[in-house]
Amino acid sequence: MLALRFYNQRDIRLENLPKPKPEKEEVLIKVTQAGISQTQINEFIEGPFFINKEPHPLTGKAIPLIPCQEYGGIIEDVGEGVDRSLIGKQVAVLPLISCGNCEYCLKGKENLCEKIAYHGLLGLDGGFAEYSVVNVKNIFPVEKEELLTFIEPILVGMNTFDIYRHYNGKENFKKKKILILGAGPVGISVGAVWRDYVKADVVINDILSYRMKKANEIGFRTIEKKDLEKNSFDVVIDAAGMDPLSTQSAIVEGIKYIKKGGFLISVGSYFHPVEFIPSELTFNEKNIISSMAYSLKLIKELPDVLKSLKVNFKTLIQEIPLEKIIDEGYYRAEVEKESFVRIVVRC
């Protein structure tokens with residue numbers, strides 16, 4: 001099979017590898033869609049950050065690694081102990097693997113597992129290949145193909161709400177004003193969860209005019225940076241992360257938009273220091289909390305969330321073939337951010 005493998009910073013290679021075979025409790029997926037995330041671009045430009053150089057404690061695997069944590073396809077074969085009626089089903093991959101035994105797993109916080117693995121990012125091969133083998137527990141049935149690369153970002157969005165819910169209980173979320181910073185795949189997915197499932201009042205901002213336009217086209221209210229007011233939002237969610245095009249990191253900028261007593265939820269990735277004045281938080285009881293991936297309990301809630309979403313994700317997708325992933329995928333995502341929201345590799 002043809003596959004992209006990450007070796008090191010700016011060292012990714014298209015290679016021919018043996019087609020994998022599913023073992024006990026595993027399924028073989030013919031990958032049909034795999035999304036290029038900003039996380040993978042960060043890994044390529046400056047990494048590895050998450051991608052592990054040394055053998056992973058849970059899987060034993062190190063680089064080279066097949067990237068991509070947001071993907072899915074059609075089940076082509078199954079291993080021992082797996083219902084053969086699954087063959088032919090379209091599924092998204094749920095990339096998180098946890099040990100199940102550590103302090104955090106026992107608390108239902110598998111996303112904080114001491115030995116966490118993540119398909120395409122940490123200790124496990126991912127979706128930039130013609131085929132992928134995953135445990136049967138790590139699949140989720142999906143009817144609409146365009147959702148395959150958005151299931152993981154939607155779960156990330158659900159986790160931001162679950163974290164906030166932990167701190168704020170059963171508030172009337174319909175009265176909450178939410179600002180999403182970043183209109184990429186994660187920002188759109190997070191915004192959709194808060195707007196359509198939580199029923200909060202959501203607006204989105206992005207420094208890229210193309211992404212603001214696309215967010216408008218799929219029904220989101222957007223707001224220009226010049227129109228953002230200080231202390232005006234109950235929750236600001238940083239879904240932008242580090243971006244060389246921005247003069248100030250979203251996690252720092254977002255602080256000034258939170259109401260007194262409000263929350264900034266960080267889901268963006270930062271691998272360099274950022275600066276802010278702590279008294280801005282202390283004197284106004286502004287809170288910064290972080291949200292990492294998703295916990296397994298949220299998978300049970302996922303079908304109800306998907307039914308509520310009113311976003312046409314298909315209009316956000318631009319497809320490219322696997323053969324062109326380096327030039328039209330990685331390099332384009334580095335230098336032409338203004339031209340896309342979601343690049344999907346058709347494997």
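Of the set (1) exposed (fewer than 14 other Cβ atoms within 10 Å of the Cβ); (2) part of a loop (DSSP other than H, G, I, E, B), all apply to PRO22 but (1).
Among the residues of the range 237-250, those identified as assigned to a loop (DSSP other than H, G, I, E, B), under 23 Å from ARG195 (Cα atoms) and either open to solvent by 80 Å² or more (accessible area, probe 1.4 Å) or modelled with pLDDT under 95 (or both) are ALA240, GLY241. May I ask you to list the residues in the range 183-236 that are among the acidic types (Asp, Glu), assigned to a helix (DSSP H, G or I) and open to solvent by 30 Å² or more (accessible area, probe 1.4 Å)? Hits for the range 183-236 are GLU217, ASP227. The set of residues from the range 90-129 being surrounded by fewer than 16 Cβ atoms within 10 Å (Cβ to Cβ), part of a loop (DSSP other than H, G, I, E, B) and charged (D, E, K, R) comprises LYS107, GLU114. Residues in the range 319-347 that are touching a Ser or Thr at 6+ places or on another chain (Cβ under 9 Å), open to solvent by 10 Å² or more (accessible area, probe 1.4 Å) and charged (D, E, K, R): ARG332, GLU338, ARG346.
Each row is one residue, and each column tells you yes or no for (1) part of a helix (DSSP H, G or I); (2) in contact with a Leu (Cβ under 6 Å, 6 or more places away or on another chain); (3) free of Cβ contacts under 8 Å to residues at least 40 places away in the same chain.
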{"site": "PHE6", "(1), (2), (3)": "no, yes, no"}
{"site": "GLU15", "(1), (2), (3)": "no, no, yes"}
{"site": "PRO18", "(1), (2), (3)": "no, no, yes"}
{"site": "ASN42", "(1), (2), (3)": "yes, no, no"}
{"site": "GLU54", "(1), (2), (3)": "no, no, yes"}
{"site": "PRO57", "(1), (2), (3)": "no, no, no"}
{"site": "LYS61", "(1), (2), (3)": "no, no, no"}
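Just one residue in the set LEU306, LEU296, LEU316 is in contact with a Ser or Thr (Cβ under 8 Å, 6 or more places away or on another chain), surrounded by 13 or more Cβ atoms within 10 Å (Cβ to Cβ) and modelled with pLDDT of 95 or more; that residue is LEU296. For the range 309-340, filtered to residues that are within 19 Å of the chain's Cα centre (by Cα) and of a type in the set (S, T, N, Q), the residue that is nearest to LEU4 (Cα to Cα) is GLN318.
What number of residues in the range 56-81 are more than 28 Å from ASN8 (Cβ to Cβ) and surrounded by 21 or more Cβ atoms within 10 Å (Cβ to Cβ)? Number satisfying all stated conditions: 1. Filtering the range 272-279 for residues that are farther than 17 Å from MET158 by Cα, surrounded by fewer than 17 Cβ atoms within 10 Å (Cβ to Cβ), at pLDDT below 95 and among the charged types (D, E, K, R) leaves a non-empty set.
Note on the range 140-182: residues that are charged (D, E, K, R), part of a helix (DSSP H, G or I), in contact (Cβ under 8 Å) with a residue 12 or more places away in the chain and open to solvent by 30 Å² or more (accessible area, probe 1.4 Å) total 4.
The values are calculated or read from the model by the stated rules, or taken from the named source; none is laboratory data. The shown structure was predicted, so the numbers you read here are calculated from the model rather than taken from an experiment. Note that we place each Cβ from the backbone using ideal geometry, even for glycine, and neighbour counts take in every protein chain shown. These area figures cover heavy atoms from the full protein model, side chains too; ligands, DNA and RNA do not enter into them. Shrake-Rupley method; radii C 1.70, N 1.55, O 1.52, S 1.80 Å.
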